[in-house]
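This structure is in structure tokens; I'll ask about it shortly.
The values are calculated or read from the model by the stated rules, or taken from the named source; none is laboratory data. Since we're looking at a predicted model, the values are computed, not measured. Cβ: placed from backbone, ideal geometry, glycine included. Neighbour counts: every protein chain shown. Keep in mind that these areas ignore ligands, DNA and RNA; they rest on the heavy atoms of the full protein, side chains included. Shrake-Rupley method; radii C 1.70, N 1.55, O 1.52, S 1.80 Å.
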Amino acid sequence: MSDYDISKLRAPVLGQLLLMQNVLCNLPDEQSIFRFVCRGLADLPGVAEAYHSTTANHTADATLIQFSLQAGASNWGDLVVKVSDRAAFSPYEDYLRNFIFMVAVILQERQQRRLNEDHNAQLEQRVQDRTRQLTSEIAERRQLEEELRKNRNMLAHVLDSVPQAVFWKNLRGEYVGCNQVFARGAGVDHPDRIIGKTDFDLPWPRAEAEAYREDDRIVIALGRPKRHIIEPLQGIDGARRWIDTTKVPLTDETGLVYGVLGVYEDITERREAEAERERLQGQLTQAQKMESVGRLAGGVAHDFNNMLQAIMGYASLALTDEPGSDSYRENLEEIQKAAQRSAELTHQLLAFARKQTVSPKVLDLNDTVASMLKMLQRLIGENIQLSWEPGPSLWPVWVDPVQIDQLLANLTVNARDAINGSGKIIIETQNHTLEASNDPLPPEVTVGDYVVLTVRDTGCGMDLETQKHLFEPFFTTKPVGQGTGLGLATVYGIVKQNHGFIGVQSECGRGSTFTINLPRCQIAAPDVAKAAEDMAIHGTETILLVEDEKIILRLARRLLEQHGYTVLAAHLPEEALEIAAQFPGPIHLLITDVVMPGLNGRELQPRVAALKPGLRCLYISGYTADVIAKQGVLEDGVQFLPKPFSISEFTQKVRQVLDGPAPVSGGATN
């Protein structure tokens with residue numbers, strides 16, 4: 001606070017303060033407190049000149065107790081006047097009121113000016129701050145734009161460096177971008193020139209463009225990639241190429257699909273190389289087949305020549321012997337044995353080629369193996385012990401019993417040949433459940449229940465190199481002419497045909513173990529099988545016999561007629577149809593070969609059945625050519641007897657078909 005005592009200002013100083021305006025103009029800053037103190041009114045600036053008189057001054061001074069003016073930051077002006085006589089002081093009130101009003105006006109103007117100055121300063125500061133902020137933001141944005149430009153250039157450089165064609169489209173099928181490889185393939189000189197185009201705007205056939213667009217729609221609709229689409233692509237030069245395309249959906253942060261990204265690779269040269277490699281592989285395979293056929297010819301020709309020699313020799317002896325004599329019968333028996341061995345060799349060849357038609361049944365392997373033990377013992381000889389260890393409560397399997405006979409015969413003969421002198425062969429069966437494990441299974445093996453047939457021997461064993469080729473056709477370790485190499489290959493073919501798998505464990509000097517796994521059948525095996533020899537084999541029915549091989553036709557006719565049947569024999573299918581149409585009575589059974597000139601047996605059966613309702617059918621053939629079998633397995637209801645067959649097998653099968661279920665009306669099987 002500043003105090004000014006006017007009574008002390010005399011002489012020159014008082015002369016400078018005579019004018020009230022000078023006092024008002026020199027008031028202190030409004031931020032400070034100004035206090036004006038007078039001892040009397042005569043001391044006020046301008047009073048002496050304007051209002052002063054001796055009487056008045058005296059009166060005023062006499063009545064004035066206190067006179068002060070206070071102004072500052074907290075107020076504009078407070079005038080405090082204390083007098084003893086109000087009436088005596090009243091002449092000075094207007095002057096004092098004007099004085100304080102002018103002080104207030106000046107202070108208000110000064111305060112407003114200062115407020116304006118402060119406001120302008122604040123505005124200027126805000127402008128400066130905003131300018132600095134904008135400058136920083138502009139610099140930062142320029143830096144981001146530069147980094148974005150560099151990233152785009154780097155991405156474009158990376159995409160252009162990729163040897164595959166890369167492209168991406170929006171939901172309308174319009175191209176949004178691509179790399180140089182794709183641009184060149186589409187016939188444009190820069191990727192930017194493809195933006196906004198569709199597949200129909202590019203130099204591709206419309207059918208191909210529609211296929212490309214359909215793939216896009218599938219990827220967008222499903223929201224997942226479509227990989228390795230092998231498709232053609234026509235270049236700008238008109239040449240057709242092959243490409244491997246992968247397309248994936250483009251999604252935003254919410255998972256919404258907004259486009260498609262695609263990558264394709266030209267695989268034309270690779271396909272051509274693969275085709276050439278396949279052609280060369282085919283040539284190599286054919287050469288290996290020809291070599292295998294040559295190896296097969298040595299073994300098979302040797303065996304067949306031996307059988308033919310036996311047949312021809314014993315037939316010649318029989319012709320010179322007296323019919324009915326013991327030597328005559330022995331010669332015929334030897335001929336029959338040689339023929340049976342030839343038939344077995346044929347079965348081996350067909351089983352190896354997986355062309356032998358099988359008739360699977362529900363079997364208990366324990367019963368099947370037990371019925372073969374005597375025959376197997378004769379096969380291996382008396383110096384080798386045959387041990388049979390059946391597993392308890394064995395699950396049933398769905399297999400042709402003839403194939404089980406072949407499996408056991410081939411494995412036991414193979415074991416016999418591996419034993420030098422005396423030894424032992426063990427046959428075992430057991431149930432086994434194969435479960436999923438951490439160790440990967442071979443592709444052909446699936447988890448599930450299996451019946452395991454194991455054949456172990458105490459022979460010489462095998463090294464690893466031999467085991468690698470063990471199941472290859474025509475591979476044999478026996479001397480030339482003593483083996484065809486079909487034994488274990490036949491076993492392998494039978495196991496595969498029945499959806500099983502086979503394994504072998506062996507070491508040199510420690511014997512071998514062959515393990516065959518056959519899938520469990522959910523149908524229980526019959527408890528009691530009807531003995532074939534107890535079946536009645538005679539009959540009086542009428543049979544239509546069709547066989548294009550005349551010697552077989554005559555033989556079958558004689559066999560059937562000897563067993564009481566009425567036989568209508570036909571050499572060709574057309575002849576059979578004519579006989580069926582003209583025969584007045586019923587025909588109960590059609591026995592027909594499968595592969596014949598003109599109509600085959602499967603085509604002949606429904607045409608005869610149309611003439612003779614209720615007709616049953618039995619097919620006989622040495623090779624089905626998949627006419628009545630799919631992948632070597634008979635279709636449901638089809639009755640088949642493979643050649644060659646014995647008299648008892650033939651007559652029993654005929655009786656079985658005649659006594660079996662009647663055919664379904666309009667059916668074409670049994």
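Around Val567, which amide H atoms from residues at least 5 apart in sequence, or from another chain, sit under 5 Å from its own amide H, with H modelled in the peptide plane?
For Val567, the qualifying residues are Ile543.
In this model, which of Lys337/Lys653; Lys361/Lys496; Lys337/Lys643; Lys337/Lys468; Lys361/Lys653 are farther than 27 Å apart at the alpha-carbon?
Lys337/Lys468
When all protein chains stay in place, what accessible area (Å², nearest 10, 1.4 Å probe) is found for Arg193?
140
Show me, for the range 595-603, the HN-Hα J-couplings you get by feeding each phi into the Karplus relation (A = 6.51, B = -1.76, C = 1.60, θ = phi - 60°), rounded to Hz, glycine and proline as x.
Along the range 595-603, the couplings run 9, 9, x, x, 6, 8, x, 5, 6 Hz.
I would also like to ask the following. Report the gain in length on full extension from Thr542 to Thr566: 0.36 nm times residue separation, minus Cα-Cα distance, nm rounded to one decimal.
Result: 8.2 nm gained on full extension.
Any idea what the dipole of the range 532-659 comes to, in debye rounded to 20, about its Cα centre with Lys/Arg Cβ at +1 and Asp/Glu Cβ at -1?
With only Lys, Arg, Asp and Glu charged at Cβ, the dipole is about 120 debye.
Now for a different question. Just to verify a number: what accessible area does His538 come out at with the full protein assembly present, 1.4 Å probe, Å² rounded to tens?
About 110 Å², rounded to the nearest 10.
Stretch Arg270-Trp242 to full length: gain in nm at 0.36 nm per residue minus the Cα-Cα span?
9.1 nm
Additional query: When the dipole is taken about the Cα centre of the range 111-157, and only Lys, Arg (+1) and Asp, Glu (-1) are charged at their Cβ, what size is it in debye, to the nearest 20?
It works out to roughly 120 debye.
Something else about it: List, in order, the whole-Hz ³J(HN,Hα) value for each residue of the range 410-417 obtained from phi through the Karplus relation with A = 6.51, B = -1.76, C = 1.60 and θ = phi - 60°; use x for Gly and Pro.
For the range 410-417, the Karplus curve yields 5, 5, 6, 5, 4, 5, 4, 5 Hz.
Given the Cα-Cα distance of Asp659 and Asp252 and 0.36 nm per residue of separation, how much length would full extension add, in nm?
Using 0.36 nm per residue and subtracting the Cα-Cα distance, I get 139.1 nm.
Report the accessible area of Thr246, computed with a 1.4 Å probe over the heavy atoms of all protein chains in place, in Å² rounded to the nearest 10.
Here the accessible area works out near 30 Å².
Using amide H atoms built 1.01 Å from N in the peptide plane, name the residues 5+ places from Glu231, or on other chains, whose amide H lies under 5 Å from its own.
Placed amide hydrogens put Ile243, Thr245 under 5 Å from Glu231.
Post the alpha-carbon centroid distance, the range 232-274 to the range 532-598, in whole angstrom.
64
Along Cα→Cβ, 7 Å out, is where each label goes; now give me the distance between the ones at Ser327 and Ile552 in nm to one decimal.
Modelled inter-label distance: 3.6 nm.
About its Cα centre, what dipole magnitude does the range 179-255 give when the only charges are +1 on Lys and Arg Cβ and -1 on Asp and Glu Cβ, stated in debye to the nearest 20?
Charge dipole of the range 179-255: 180 debye, to the nearest 20.
Right, another one. Sorted by accessible area with a 1.4 angstrom probe, largest first, how do Arg113, Arg655 fall?
Accessible-area ranking of Arg113, Arg655, largest first: Arg113, Arg655.
OK, next. Can you list residues from other chains, or at least 5 along the same chain, whose modelled amide H is less than 5 Å from the amide H of Arg616?
HN-HN under 5 Å from Arg616: Leu589, Leu590.
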